[in-house]
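Below: one structure in structure tokens.
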Amino acid sequence: MWKGKTRGGASGYLFFIYMIRYLGVKAAYGFLTLIVLYFIPFAPKATKSIWQYSRRILKRNRMRSVGLLLTNYYRLGQILIDKVAIGNGMVGKYHFKFNHYQEFLNILDGDQGVIMIGAHVGNWEIGTPFFNDYSKKMNVVMYDAEHQKIKEILKKNGRQQPYKIIPVNEDNLAHIFKITEALDNKEYVCFQGDRYLNADKLLTCTFMGQEASFPIGPFLLATRMKVPVVFYFAMREAKQTYHFHFIPAESVARSKEKRAEQLLLEQYVNALEKIIGQYPEQWFNYYPFWKSPE
């Protein structure tokens, strides 16, 4: 289970913000080599989780697993740098490709609220400049610890996020009312569907050949509110290119065998498996994600 904390402090992010501003994106990429070599021994839990992901889930040998570990940390660093660079007006340095973009916009332009479900792969925030006025109607659901860290970074950097945040706390249900209100107002609510804090509110599914647990919330809300659902991933490719994947979910209804939220989860897992198959090095869940074998 994820512990509700994301690696990296505000000071680390600010260091890269100033490096990008004064030395450029390429210099920041170059500095990443030292960061990667630091993280492998000094982030043992994260290193262990990616090693197990490579060996047990991807079935790679030791040599290829070392390569994946190095590439994974380096790609994470690149993505954080890109997020800062684009947020500071350097969007012209990047290239972008889209799958089903017009279909996605047609859904956003509909007469209902929309639920978007992503994952901790790629760089979902990189799409903010392309949402333009749509971003004013976006509500990103995130755990309060992550929310506070982002607020601290933005405050020190003198910036504001273009979307609204709905913070989640384990000890109250205020976020449920805010989510419902946003959907009733025909706004968009964005979840990450691959992390949970409450071990009592889960769905399980076979994912990448192994049993894994997912938060029930996004999938239950989507089926109860009966609003359109889009799975969204923004993946980094070569030459500072991002490829956006928008995958509209099919409508689901409870069957004799499975609840509607379980059927929606299976659609999500199918989409996520295809993305990871294309970009295995961009899996950024640094904890034991899959259930341990008996």
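The values are calculated or read from the model by the stated rules, or taken from the named source; none is laboratory data. This structure is a prediction, so every number in the text was calculated from the model and none was measured. All Cβ positions, glycine included, derive from the backbone under ideal geometry; neighbour counts span all protein chains shown. These accessible areas exclude ligands, DNA and RNA; they are computed on the full protein's heavy atoms, side chains included. Shrake-Rupley method; radii C 1.70, N 1.55, O 1.52, S 1.80 Å.
Looking only at the stretch 163-191, which residues are farther than 19 Å from Tyr134 by Cβ, open to solvent by less than 40 Å² (accessible area, probe 1.4 Å) and either among the acidic types (Asp, Glu) or within 18 Å of the chain's Cα centre (by Cα) (or both)?
Hits for the stretch 163-191 are Pro167, Val168.
Need pairs with beta-carbon distance below 6 Å; first residue over 21 Å from Cys190 (Cα atoms) and among the hydrophobic types (A, V, I, L, M, F, W, C) and within the stretch 203-215, second open to solvent by 10 Å² or more (accessible area, probe 1.4 Å) and part of a strand (DSSP E or B); sequence gap 6+ or separate chains.
Ala212/Trp290
Just the residues that are in contact with a Phe, Trp or Tyr (Cβ under 8 Å, 6 or more places away or on another chain), assigned to a loop (DSSP other than H, G, I, E, B), open to solvent by less than 60 Å² (accessible area, probe 1.4 Å) and under 16 Å from Val229 (Cβ atoms), please, taken from the stretch 86-117.
Gly113
Looking at the stretch 237-248 only, could you name the residues that are open to solvent by 40 Å² or more (accessible area, probe 1.4 Å), out of contact with any helix residue (DSSP H, G or I) (no Cβ under 9 Å at 6 or more places or on another chain) and in a strand (DSSP E or B)?
Answer for the stretch 237-248, where residues must be open to solvent by 40 Å² or more (accessible area, probe 1.4 Å), out of contact with any helix residue (DSSP H, G or I) (no Cβ under 9 Å at 6 or more places or on another chain) and in a strand (DSSP E or B): just Glu237.
Quick check on Ser251: is it under 17 Å from Phe284 (Cα atoms) and either surrounded by fewer than 20 Cβ atoms within 10 Å (Cβ to Cβ) or in contact (Cβ under 8 Å) with a residue 40 or more places away in the chain (or both)? Even if it seems obvious, please write down each step before you answer.
Working: under 17 Å from Phe284 (Cα atoms): no; either surrounded by fewer than 20 Cβ atoms within 10 Å (Cβ to Cβ) or in contact (Cβ under 8 Å) with a residue 40 or more places away in the chain (or both): yes.
Against the criterion (under 17 Å from Phe284 (Cα atoms) and either surrounded by fewer than 20 Cβ atoms within 10 Å (Cβ to Cβ) or in contact (Cβ under 8 Å) with a residue 40 or more places away in the chain (or both)), Ser251 does not qualify.
Scan the stretch 216-241 for residues that are free of Cβ contacts under 8 Å to residues at least 60 places away in the same chain and among the small types (Gly, Ala, Ser) and report the count.
2
Still on this structure: Determine which member of the set Lys274, Lys256 is at pLDDT below 95, farther than 20 Å from Gly217 by Cα and surrounded by fewer than 17 Cβ atoms within 10 Å (Cβ to Cβ). Steps first, answer last, please.
On the way: Lys274 fails: at pLDDT below 95.
Checking each option against the conditions leaves just Lys256.
Only one of Ile165, Ile179 is of a type in the set (Val, Ile, Thr) and part of a helix (DSSP H, G or I). Can you tell me which? Let's see the steps before the verdict.
On the way: Ile165 fails: part of a helix (DSSP H, G or I).
Ile179 is the lone residue from the list that is of a type in the set (Val, Ile, Thr) and part of a helix (DSSP H, G or I).
Report yes if some residue within the stretch 87-94 is under 20 Å from Trp290 (Cα atoms) and among the basic types (Lys, Arg); otherwise report no. Break it down into steps so the answer makes sense when it comes.
Going through the stretch 87-94, the residues under 20 Å from Trp290 (Cα atoms) turn out to be none.
Checking the stretch 87-94: not a single residue is under 20 Å from Trp290 (Cα atoms) and among the basic types (Lys, Arg).
Further, regarding this structure: Being part of a helix (DSSP H, G or I) and modelled with pLDDT of 95 or more: is that true of Leu221 here? Explain how you work it out, then say what you get.
Working: part of a helix (DSSP H, G or I): yes; modelled with pLDDT of 95 or more: no.
In short, no.
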